[in-house]
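Worksheet: one structure, shown below.
Here, each number is a calculation from the coordinates, and none is a lab measurement. Given the structure is predicted, the values throughout are model-derived calculations rather than measurements. Here the Cβ positions follow ideal geometry from the backbone for every residue, glycine too, while neighbour counts run over all protein chains shown.
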Amino acid sequence: MILVDSSVWIEYFSGNNNPHTDFLDGVLGVEPVGIGDLILTEVLQGFRSDADFKTAKSLLLELHIFEIIGTNRAVKAAEHYRFLRSKGLTIRKTVDTLIATFCIEQKFPLLFTDKDFLPFVCHLELKQAFPGT
């Protein structure tokens, strides 16, 4: 299972071709691809047109959708954030900390372009779906 972050989905739905969106296009229908509930919200809230929203919603709801937050994971994400902050690394978005923690716990590689995930790769064993992110 590969979890795909909103940073890639947004580029994908915008029609922006880059190595990450090409990778996503290549794995869709070939490998299991999932999305977290928080990621689903981030992606869908960005659509301006109702038609694009409905199309994307229909496509994304076909994926396996994971519930990211729970009490234990919320506490673990706070621990991860504090650990990284103790190393002088501040993650800008709480949602990214929750997504990274979910992927670490589930051992799912994450496809992302958001640089806030790199400290989790370097210090907390987050797996990257696309090498060299």
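With loop membership from DSSP and a limit of 13 other Cβ atoms within 10 Å, the longest segment of the chain without GluC sites (Glu not before Pro) is 1-61.
Amide H contacts of residue 89: none lie under 5 Å away among residues 5 or more positions distant or on a separate chain (H built 1.01 Å from N in the peptide plane; Pro and chain starts excluded).
Taking 7 Å steps out from each Cα toward its Cβ at residue 10 and residue 105 produces label points 2.5 nm apart. Remark: spin-label model distance residue 67-residue 90 equals 3.3 nm, labels positioned 7 Å along the Cα→Cβ axis.
Counting Lys and Arg as +1 and Asp and Glu as -1 over every other residue whose Cβ lies under 9 Å from the Cβ of residue 101, the net charge comes to 0.
Taking amide H as placed 1.01 Å from N in the peptide plane, residue 2 has its amide H under 5 Å from the amide H of 33, 34, each at least 5 places away in sequence or on another chain.
Legend: Rg and Dmax of segment 2-124, from Cα coordinates, 14.6, 45 Å. Distance cut-off 23 Å, Cα to Cα: go down the list 54/107; 54/127; 54/115; 54/93; 87/115; 57/107 and report the pairs above it. The answer is 54/107; 54/127; 54/115; 54/93; 57/107. The H on the amide N of residue 126, modeled in the peptide plane, is under 5 Å from the matching H of 121, each at least 5 residues off or on a different chain. Normalised by the number of residues in the chain, the mean separation of alpha-carbon contacts (under 8 Å, six or more apart) gives a relative contact order of 30 percent.
When a footprinting reagent is the concern and you count Cβ atoms within 10 Å, what order do 90, 71 take, fewest first? Before the final figure, lay out the partial values.
Values: 90 10, 71 7.
Result, fewest neighbours first: 71, 90.
How far is helix 94-106 tilted off the main Cα axis of the chain, in degrees rounded to 10, range 0 to 90? Taking the Cα atoms of the chain, the angle to 94-106 is about 90 degrees. For segment 64-114, trypsin sites (Lys or Arg not before Pro) meeting the loop criterion (DSSP other than H, G, I, E, B) and having at most 12 other Cβ atoms within 10 Å: 87, 92, 93, 107.
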